[in-house]
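Worksheet for the structure shown next.
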Amino acid sequence: MSVQASPIEEYLAKFSTCVPSSPVARDMLDEARDHLVEGALALQSAGASRQAAERDAVREFGSIEQLAVEFRTVIMVRDAKRQARWQLVVVGLLGICGFSAFRLIPLWRGQLSEIFPPPLVACAAAAALLCPSLVLLMLSATRRTWHEARWTAWLLSGRTVASWLFVLGLPACASMVADQIAVLVGAPHAWLLAGLLGGLLLARRVVPETTTIFKQVARSW
Amino acid sequence: MRAEQLKGHLDALLLAVLQSGPRHGYAISEALKARSSGAFDLPTGTLYPALQRLEMAGLIEGEWSEVGGRRRRTYRLTDRGHSTLAEERATWRSFANAIGSVLGQPA
């Protein structure tokens, strides 16, 4: 006897291909599953067969074409907000590391001659990380108008710019901080490598598109 | 009543349904159906983006639990949600009164 596929699972599998893959999307699809199963159970208790109940529950939930646009927008906004928050946390941590490397460590070690202002390029790189993250957070935190098409287009562009700057800028900034630490404590290669790898891993954790961005950079070269 | 006609009112309707206590998505849609006597003809899936919007605005908050091996999110009104609902109700009453006073009287 052949086992019939569950209409609910088929629907959710198809839906998942129409929305971006992210923790927010997974949460929304889990909510949809709970709704559909509850609906199907109610229909089954009213006498419908399992297959018919699941089909009716899916029909009441709405067509994927109809819902995907709204789901995508919400997922995009929540993802952008999450990314902006994490970017700010990472930039803050990097700032603390940079301040320690350029100021506190020399003071602590009594190497007063080693205290010098951070290079201009480091400040510019930090600003390039900080500003887009703040703009992204601001855009994603807007309450009334965020779902309007023009606003979401801005948000999408803002997220793309913030992602690129963060993914390319974080390893560079982390390397600069690591380089300064190396000046103070030695082992420059190890520190540089640690800075670069640490920056890359953090960028990958915060920005899901990190690999895609590096692939695009590699292709353009 | 079609989904387009409900646009702009859905958020307030969801807040009103949640005023009586925490509910999960399916329970919210059933309450909405029952309280409107089935007048609202909208795909139930449209509730979820609206719930997410309300949560992002801080008007409701959700909590995950596990029921029958499935993840379930239950929402409840926040203090801000209660005060927003009161404002929405007042706005709706004055709007309905104004419209009713024009449409309700024959010329």
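The values are calculated or read from the model by the stated rules, or taken from the named source; none is laboratory data. None of these values were measured; they are calculated from a predicted model. Heads up, the Cβs are rebuilt from the backbone with ideal geometry, glycines too, and the neighbour counts pull from every protein chain shown. Side chains included, ligands, DNA and RNA excluded: accessible areas come from the protein's heavy atoms. Shrake-Rupley method; radii C 1.70, N 1.55, O 1.52, S 1.80 Å.
Can you pull out the residues in segment B:31-41 that are open to solvent by 70 Å² or more (accessible area, probe 1.4 Å) and within 14 Å of chain A (Cβ to nearest Cβ)? Show your work before the answer.
Applying the first criterion (open to solvent by 70 Å² or more (accessible area, probe 1.4 Å)) to segment B:31-41 yields B:33-35, B:37, B:41.
Answer for segment B:31-41, where residues must be open to solvent by 70 Å² or more (accessible area, probe 1.4 Å) and within 14 Å of chain A (Cβ to nearest Cβ): B:Lys33, B:Ala34, B:Asp41.
Of everything in segment A:54-113, what is loosely packed, with under 14 Cβ neighbours inside 10 Å and under 18 Å from the mean Cα position of the chain (by Cα)? Give them in sequence order.
A:Val89, A:Gly92, A:Leu93
Mind telling me which of the residues A:Gly47, A:Gly39 ends up being outside any helix (DSSP H, G or I) and either more than 32 Å from the chain's Cα centre (by Cα) or crowded, with 20+ Cβ neighbours inside 10 Å (or both)?
Numbers: A:Gly39 fails: outside any helix (DSSP H, G or I).
Step by step, each of A:Gly47, A:Gly39 is checked, and only A:Gly47 is outside any helix (DSSP H, G or I) and either more than 32 Å from the chain's Cα centre (by Cα) or crowded, with 20+ Cβ neighbours inside 10 Å (or both).
Here is a yes/no grid of residues against (1) more than 10 Å from chain B (Cβ to nearest Cβ); (2) over 21 Å from A:Thr152 (Cβ atoms):
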| position | (1), (2) |
| --- | --- |
| A:Glu10 | yes, yes |
| A:Pro23 | yes, no |
| A:Asp30 | no, yes |
| A:Ser45 | yes, yes |
| A:Ala52 | yes, yes |
| A:Val58 | no, yes |
| A:Phe61 | no, yes |
| A:Gln66 | no, no |
| A:Asp79 | yes, no |
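Being open to solvent by 50 Å² or more (accessible area, probe 1.4 Å) and in a strand (DSSP E or B) is the filter; apply it to segment B:66-75 and report the residue that is farthest from the other protein chains (Cβ to nearest Cβ).
In the first step, residues of segment B:66-75 are kept if they are open to solvent by 50 Å² or more (accessible area, probe 1.4 Å); the result is B:66-69, B:71.
Add one more test, that the residue is in a strand (DSSP E or B), and what stays is B:66-67, B:71.
Working: B:Glu66: 10, B:Val67: 7, B:Arg71: 4 Å.
Residue satisfying both the conditions and the ranking: B:Glu66.
Among the helices (runs of 4 or more DSSP H) lying completely within segment A:126-221, list those that include at least 1 residues that are open to solvent by 70 Å² or more (accessible area, probe 1.4 Å) and in contact (Cβ under 8 Å) with a residue 60 or more places away in the chain.
Numbers: elements: A:149-185, A:188-206, A:210-220.
Those helices (runs of 4 or more DSSP H) span A:149-185, A:188-206.
How about segment B:43-58: which of its residues are open to solvent by 20 Å² or more (accessible area, probe 1.4 Å) and more than 8 Å from every other protein chain (Cβ to nearest Cβ)?
Once the filter is applied, which keeps residues that are open to solvent by 20 Å² or more (accessible area, probe 1.4 Å) and more than 8 Å from every other protein chain (Cβ to nearest Cβ), segment B:43-58 yields B:Glu55, B:Gly58.
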